[in-house]
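Engineer: Pasting a structure below so you can have a look.
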Ligand code: EAX
């Protein structure tokens, strides 16, 4: 009888051992973002997922929740903090409320070009900001891109700050942006992105500002007549990972996530830039009236008091280090 028991035990141990040796079922990660799957965020997250699957031999799969299905960007970042969302592709818009060091990147007319922005964000200045995330309960894997933002409204063509004065414009939930719009004499109305379309439809706000790919993806031409190609601020994006995922990874796996996020960020940038280059024609076809001869110098002049405030807040040396970075 003892022998039978021993044999059974051995058999059980053998089965258990075999089970443990089997490759574990893929772990599914939830990824959220505010735009359709065809947008730069969708393209970026897809590229990240493919690279992660390749590097890890399929250990992780990514289930995507486009178009605010997991809430607005602030809510998704909160979700990453508490572990209800695993991956978030988000504009920097609400991120400064969690990691104040990101706010310096939201200053209007700070970045001169995509190349300039990429050089700063992918260099030591950008890395130093990413390094701040863990102490705020978040992991930032890479800088992605939302793009240069442009003003739209339902009232009138805008070329100069005088044209913009008095318009009620939705801004992101971002102090740096709100300061800028207040300074321009615009009535800034901070609002989460998922509420924006209805707010414009109902006339609660006159307009908003976003990169061309966002204006296209969110179908804003249905509720906005005038587009001003103001490119008044570069809007970085971030690929954020929940610490609840990160803290379980070994060093090799952490490397895979970073590498995959960099591939995602690269694809995101390419799509955002393609949309910016090609999307204006499409918006015209959709009926928007487009102003391209914007008086940028007048906007920069009108923003002087805001720049003085940023200098007090961030330090002129820090701002200049970004402005003059090459
Ligand atoms: O990230 O809130 C915004 O205007 C963002 O630019 C948009 O959700 C894309």
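Engineer: Just for the Cα atoms in the range 47-138, what are the lengths along the principal axes, largest first, rounded to whole Å?
Structural biologist: On the principal axes, the range 47-138 reaches 39, 28, 27 Å in Cα extent.
Engineer: With all distinct Cα pairs included, what does the Kirkwood hydrodynamic radius of the range 146-197 come out to in Å, to one decimal, could you say?
Structural biologist: 11.6 Å
Engineer: Rounded to a whole number of µm²/s, how large is the Stokes-Einstein D of the chain at 10 °C and 1.306 mPa s, given Rh as the Kirkwood radius over C-alpha pairs? Provide the component values of the computation, followed by the final result.
Structural biologist: Working: Rh = 21.0 Å.
It diffuses with D of about 76 µm²/s by this estimate.
Engineer: Calculate the radius of gyration of the Cα atoms of the range 108-176 to one decimal place, then report Dmax, the largest Cα-Cα distance, as a whole number, both in Å.
Structural biologist: Taking only Cα atoms of the range 108-176, I get Rg and Dmax of 16.4, 45 Å.
Engineer: Right, another one. Show me the ranking of peptides 270-280, 168-178, 195-205, 34-44 by mean Cβ neighbours inside 10 Å, starting with the highest.
Structural biologist: 34-44, 168-178, 270-280, 195-205
Engineer: Can you give me the angle between helix 304-314 and the longest principal axis of the chain, using Cα atoms only, in degrees from 0 to 90, rounded to the nearest 10?
Structural biologist: In the chain, helix 304-314 runs at an angle near 30 degrees to the longest axis.
Engineer: Give me the distance in nm between label points sitting 7 Å out from Cα along the Cα-to-Cβ direction at residue 292 and residue 321, one decimal.
Structural biologist: 3.8 nm
Engineer: With r as the distance between the Cβ atoms of residue 197 and residue 112 and R0 = 25 Å, compute the FRET efficiency 1/(1 + (r/R0)^6) and round to 0.05.
Structural biologist: In this case the efficiency is close to 0.20.
Engineer: Roughly how tilted is helix 2-21, in degrees to the nearest 10 and between 0 and 90, from the longest Cα axis of the chain?
Structural biologist: For helix 2-21, the angle is close to 20 degrees.
Engineer: What list do you get for 28, 50 if you sort them by fewest beta carbons within 10 Å?
Structural biologist: Starting with the residue having the fewest Cβ neighbours, the order is 28, 50.
Engineer: While we're on this one: Quick one: Cα convex hull volume of the range 55-204, Å³ per residue?
Structural biologist: 138 Å³
Engineer: Fully extended, how many nm does the chain gain between residue 37 and residue 204 (0.36 nm per residue separation, minus their Cα-Cα distance)? Each step should come with its number before you reach the end.
Structural biologist: Details: separation 167, 0.36 × 167 = 60.12 nm, distance 2.78 nm.
Once the chain is fully extended between residue 37 and residue 204, it gains 57.3 nm.
Engineer: Further question: Considering only DSSP beta bridges where both residues belong to the chain, give the percentage that are antiparallel (nearest 5).
Structural biologist: Values: 21 of 37 bridges.
Here the share of antiparallel DSSP bridges comes out near 55 percent.
Engineer: How far, in degrees from 0 to 90, does helix 40-55 lean away from the longest principal axis of the Cα atoms of the chain, to the nearest 10?
Structural biologist: In the chain, helix 40-55 runs at an angle near 20 degrees to the longest axis.
Engineer: Cα centroids of the range 188-248 and the range 29-86: how far apart, whole angstrom?
Structural biologist: 18 Å
Engineer: Output the direction-averaged projected area (hull surface divided by four) of the convex hull of the alpha-carbon atoms of the range 192-267, in nm².
Structural biologist: Working: hull surface 27.8 nm².
So the Cα hull casts an average projection of 6.9 nm².
Engineer: Counting only helical runs of four or more DSSP H residues, what would the 222 nm mean residue ellipticity of the chain come to if each run contributes -39,500 (n - 2.57) and the total is spread over all its residues?
Structural biologist: Roughly -14000 deg cm²/dmol at 222 nm, from the helical runs in the chain.
Engineer: Going by a ≥ b ≥ c, the root eigenvalues of the Cα gyration tensor, does the range 183-326 fall in the rounded group (a/c under 1.5), the prolate group (a/b larger than b/c) or the oblate group?
Structural biologist: Verdict is oblate for the range 183-326.
Each value in this text was obtained by applying a stated rule to the coordinates, not by laboratory testing. On a predicted model such as this, the values are computed, not experimentally measured, just so you know. Positions of Cβ are backbone-derived with ideal geometry, glycine not excepted, and every protein chain shown enters the neighbour counts.
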